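Below is one structure, written out as structure tokens, with a few remarks after it.
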Amino acid sequence: MAKKEQAPDMVALFQELQEIKKIDKSTMIGVLEESFRNVLAKMFGTDENLEVIMNPDNGDVQILQNLEVVPDGEVENPNLQISLSDARADDDPEAEIGEEHTKEIIFAKFGRRAILNLRQTLQSKILDLQKEAVYSKFKDMEGELVTGEVYQTWSKETLLLDDEKNELLLPKSEAIPRDFFRKGETVRAVIVNVDNRNNNPKITVSRTSPVFLRRLFELEVPEIHDGLINIKAVARIPGERAKIAVESYDERIDPVGACVGVKGSRIHGIVRELRNENIDVINYTSNPSLFIQRALSPAKISSIRIDEEEKKAEVFLHPDEVSLAIGKGGMNIKLACMLTGYAIDVYRDSDNGYEDDIYLDEFKDEIDEWVIDQLKEIGCVTAKNVLAIPRDELIEKTDLEEETVDNVIKVLKAEFED
């Protein structure tokens with residue numbers, strides 16, 4: 001066979017692309033082989049009888065063409081056949097008709113245009129490969145926190161670049177209302193969507209998503225990161241106010257205190273990141289009545305009626321507490337609904353038929369403390385809380401004896417009758 005005369009600049013080009021694009025060697029070899037085959041198929045009409053052999057150490061290439069040996073003068077397709085005399089002249093003196101002759105193709109001999117075509121094909125495939133890699137990487141990162149540098153800001157979105165110069169798009173609708181970015185500023189956000197239309201990855205990030213608040217707490221509170229505290233629910237009105245419900249898997253850890261930190265040290269950083277968004281941290285409970293009470297904090301409710309099937313709650317409060325429960329612009333009750341998953345309606349105490357209410361702790365002389373604690377477990381903290389619940393429901397929820405429940409109702413009713 002003739003000596004191989006590969007163009008010397010080709011190997012250098014491949015090595016340069018491998019270094020710049022950071023593509024692993026095995027993948028690069030595969031891309032090189034495919035690129036050669038595509039170019040050769042256009043030149044020869046097919047690549048079925050071609051072998052492309054790559055040298056993984058230096059990226060060098062050897063191209064072999066397998067041809068059928070036919071009698072002299074009967075070659076119909078020179079890309080598939082070779083005459084007997086030509087085969088014997090091509091370093092194969094023992095060639096016979098009907099056998100296969102392997103001929104080496106010197107790609108460099110096809111000239112500058114062929115090499116340029118190969119380069120363009122190779123670069124196009126590497127670009128496609130890069131895009132696929134970017135899509136796969138960020139698709140797996142949906143919901144994760146990322147940091148980017150502001151590259152350009154338009155009216156409807158801001159373009160961020162991460163450390164590897166990948167483009168992250170922050171739409172205005174996903175930015176906190178008081179966000180204002182300068183070129184070169186570092187911005188944190190959470191990846192909310194990654195699509196790959198027409199093999200063009202688009203990575204969308206958000207600073208308004210509840211997931212963003214979760215990730216910030218995981219970053220600032222070691223107990224959450226370590227799994228000792230769990231974030232059960234998050235509700236946000238971006239840039240204004242948020243509520244987050246947490247629970248601890250370790251009785252020795254106060255989940256609310258751990259999230260807030262000494263003198264608010266942990267939560268202050270999150271508040272600043274969210275442009276002074278006020279954050280209420282509450283203890284989670286699986287008891288819906290108590291959870292709703294806590295979610296409506298700082299308001300103190302008098303009684304509550306729950307419809308668990310319809311996910312609705314009627315909450316009764318002292319007139320002075322109603323404005324606190326609703327909050328400025330209805331913000332507090334809206335967040336409580338979002339956090340608990342219940343549609344909450346607020347009523348004044350007088351709507352429930354009682355002028356005043358009394359906390360259960362004031363009945364300790366007449367009702368055992370353990371009974372009061374049992375009532376508190378189902379969300380009853382006042383006398384009207386208890387009286388607002390039907391007798392049979394009280395027995396079922398508290399698991400108290402009928403006689404005990406009847407005595408409680410009798411004591412509480414007597415107080416209001418007096």
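The values are calculated or read from the model by the stated rules, or taken from the named source; none is laboratory data. In this text, all values refer to a predicted model and were calculated from it rather than measured experimentally. So basically every Cβ, Gly included, is an ideal-geometry build from the backbone, and we count neighbours across all protein chains shown. For the accessible areas, the whole protein counts, side chains as well, though only heavy atoms, and no ligand, DNA or RNA atoms are used. Shrake-Rupley method; radii C 1.70, N 1.55, O 1.52, S 1.80 Å.
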Original post:
Where in segment 182-241 are the strands (runs of 3 or more DSSP E), entirely inside, with at least 2 residues that are open to solvent by 20 Å² or more (accessible area, probe 1.4 Å) and of a type outside the set (S, T, N, Q)?
Top reply: 186-195, 229-237
Original post:
Only one of L17, L67 is modelled with pLDDT of 85 or more and surrounded by 12 or more Cβ atoms within 10 Å (Cβ to Cβ); which?
Top reply: L67
Original post:
Based on what the data block shows, is F36 buried (at least 17 other Cβ atoms within 10 Å of the Cβ), modelled with pLDDT under 70 and under 18 Å from K125 (Cβ atoms)?
Top reply: no
**OP:** Identify all residues within segment 277-296 that are in a loop (DSSP other than H, G, I, E, B) and either more than 29 Å from the chain's Cα centre (by Cα) or of a type outside the set (D, E) (or both); write none if there are none.
**Re:** Y284, T285, S286, N287, L296
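Yes/no matrix, rows are residues, columns are (1) farther than 16 Å from V205 by Cα; (2) charged (D, E, K, R); (3) outside any helix (DSSP H, G or I):
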{"position": "I97", "(1), (2), (3)": "yes, no, yes"}
{"position": "L118", "(1), (2), (3)": "yes, no, no"}
{"position": "Q123", "(1), (2), (3)": "yes, no, no"}
{"position": "Q130", "(1), (2), (3)": "yes, no, no"}
{"position": "E142", "(1), (2), (3)": "no, yes, yes"}
{"position": "V150", "(1), (2), (3)": "no, no, yes"}
Subject >> Neighbours by Cβ (under 6 Å, 6+ apart or cross-chain): first from segment 369-395, hydrophobic (A, V, I, L, M, F, W, C) and at pLDDT 85 or above; second open to solvent by less than 10 Å² (accessible area, probe 1.4 Å) and not in a helix (DSSP H, G or I) >> reply: V386/C380
**OP:** Evaluate the following for V315: is it within 25 Å of V405 (Cβ to Cβ), touching a residue at least 24 places away in the same chain (Cβ under 8 Å) and either out of contact with any Phe, Trp or Tyr (no Cβ under 9 Å at 6 or more places or on another chain) or of a type in the set (S, T, N, Q) (or both)?
**Re:** no
**OP:** State the number of residues belonging to segment 196-213 that are without any contact (Cβ under 8 Å) to a residue 60 or more places away in the chain and either of a type in the set (G, A, S) or within 30 Å of I126 (Cβ to Cβ) (or both).
**Re:** 7
Subject >> Matching residues, segment 242-276, being open to solvent by less than 40 Å² (accessible area, probe 1.4 Å), aliphatic (A, V, I, L, M) and outside any loop (DSSP other than H, G, I, E, B) >> reply: A242, I244, A245, V246, V256, A258, I267, I270, V271
**OP:** Give the number of residues within segment 395-418 that are part of a loop (DSSP other than H, G, I, E, B) and open to solvent by less than 60 Å² (accessible area, probe 1.4 Å).
**Re:** 1
Original post:
Tell me, which residue of segment 129-174 that is of a type in the set (S, T, Y) and in contact with a strand residue (DSSP E or B) (Cβ under 8 Å, 6 or more places away or on another chain) is surrounded by the most Cβ atoms within 10 Å (Cβ to Cβ)?
Top reply: T158
**OP:** Go through segment 297-391 and tell me which helices (runs of 4 or more DSSP H), entirely inside it, have 1 or more residues that are under 27 Å from A233 (Cα atoms) and open to solvent by 70 Å² or more (accessible area, probe 1.4 Å).
**Re:** 319-326, 331-340, 369-377
Original post:
Here are E76, E96, E51: which of them is more than 42 Å from the chain's Cα centre (by Cα), surrounded by 13 or more Cβ atoms within 10 Å (Cβ to Cβ) and acidic (D, E)?
Top reply: E51
**OP:** Take the residues in segment 29-48 that are farther than 21 Å from D128 by Cα and part of a helix (DSSP H, G or I), then tell me which one is nearest to the chain's Cα centre (by Cα).
**Re:** M43
Subject >> Residue check for K103: among the basic types (K, R), in contact (Cβ under 8 Å) with a residue 24 or more places away in the chain and open to solvent by 30 Å² or more (accessible area, probe 1.4 Å) >> reply: yes
